[in-house]
Amino acid sequence: MLVAVDISATRDYTLKADVRPKNLPEGEPWQATVFEIGVLDGILGPMLLDKHTITARKNRDATVDMKPGSYMLDVVRFGLRGWRNFADKDGKPVEFKRSQMQVPGVGMRWVVDDRCIAMLESEWMSELSDAILNANQLSEDDAKNSEPPSGK
């Protein structure tokens, strides 16, 4: 039996580079930044892929190209649902903000505010984008459970 994607579910994700600083004294409290990521639903995901795909035709040949930077940006814009332990240069917590946006052919969707996106390094954006896209994949157990029984 297939299991429907829970489009409201989130999971916690910590960036690979976010490790306890070596120069932090022993016993000094430290917490990694936790990003709350969700999935791209079955309407939004394909629409974003189409939006960032370029098809060029020359005679009978066609080439397909991606615009990876803007695709990565949109994946994070729509897939990031929150964060914890994210501070500014003065150590103050950075507020996570989202707003609603009308997406042509899709409808209203929540997106991360540009000011919040602007605070993320491009390396972090790339890793978060990958994590969000991977969240859309079936888990190994789900994949095994969705395979037809052998011999049929």
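Structural remarks
- Among the residues making up the stretch 99-137, those that are open to solvent by 80 Å² or more (accessible area, probe 1.4 Å) and not hydrophobic (A, V, I, L, M, F, W, C) are Gln100, Gln102, Pro104, Asp114, Arg115, Glu121, Ser122, Glu123, Asp130, Asn134, Gln137.
To keep it simple, each residue is scored yes or no on (1) touching a Cys at 6+ places or on another chain (Cβ under 7 Å); (2) surrounded by 10 or more Cβ atoms within 10 Å (Cβ to Cβ); (3) more than 23 Å from Met125 (Cβ to Cβ); (4) hydroxyl-bearing (Ser, Thr, Tyr).
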{"position": "Tyr13", "(1), (2), (3), (4)": "no, yes, no, yes"}
{"position": "Leu24", "(1), (2), (3), (4)": "no, yes, yes, no"}
{"position": "Leu44", "(1), (2), (3), (4)": "no, yes, no, no"}
{"position": "Lys51", "(1), (2), (3), (4)": "no, yes, no, no"}
{"position": "Gly69", "(1), (2), (3), (4)": "no, yes, no, no"}
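- Qualifying residues in the stretch 57-74 (those that are touching a Ser or Thr at 6+ places or on another chain (Cβ under 9 Å) and not in a helix (DSSP H, G or I)) - the one modelled with the highest pLDDT: Lys67
- Meets criteria (under 18 Å from the mean Cα position of the chain (by Cα), open to solvent by 90 Å² or more (accessible area, probe 1.4 Å) and among the hydrophobic types (A, V, I, L, M, F, W, C)) for Ile7: yes
- Pairs meeting the criteria (first residue in the stretch 37-49 and without any contact (Cβ under 8 Å) to a residue 24 or more places away in the chain, second residue part of a helix (DSSP H, G or I) and open to solvent by 20 Å² or more (accessible area, probe 1.4 Å), beta carbons under 9 Å, at least 6 apart or on different chains) are Leu49/Tyr71.
- The residue of the stretch 30-56 that is farthest from Phe78 (Cα to Cα), among those that are at pLDDT below 85 and in a loop (DSSP other than H, G, I, E, B), is Trp30.
- Some residue of the stretch 22-29 being within 23 Å of Glu95 (Cα to Cα) and either of a type in the set (Phe, Trp, Tyr) or at pLDDT 90 or above (or both): no
- Single condition Asp88 does not satisfy, out of (1) more than 19 Å from Met125 (Cβ to Cβ); (2) open to solvent by 40 Å² or more (accessible area, probe 1.4 Å): (1)
- Residue identified as part of a helix (DSSP H, G or I), at pLDDT 95 or above and closer than 21 Å to Ala9 by Cα among Arg81, Arg77: Arg77
- Residue in the stretch 84-118 that is farthest from Leu128 (Cα to Cα), counting only those that are among the β-branched types (Val, Ile, Thr) and either without any contact (Cβ under 8 Å) to a residue 12 or more places away in the chain or not in a strand (DSSP E or B) (or both): Val106
The values are calculated or read from the model by the stated rules, or taken from the named source; none is laboratory data. This one's a predicted model, so the numbers in the text were calculated from it and none came from an experiment. Glycine gets a Cβ as well: all are built from the backbone with ideal geometry, and neighbour counts include every protein chain shown. Protein only, heavy atoms only, side chains kept; ligands, DNA and RNA dropped before computing areas. Shrake-Rupley method; radii C 1.70, N 1.55, O 1.52, S 1.80 Å.
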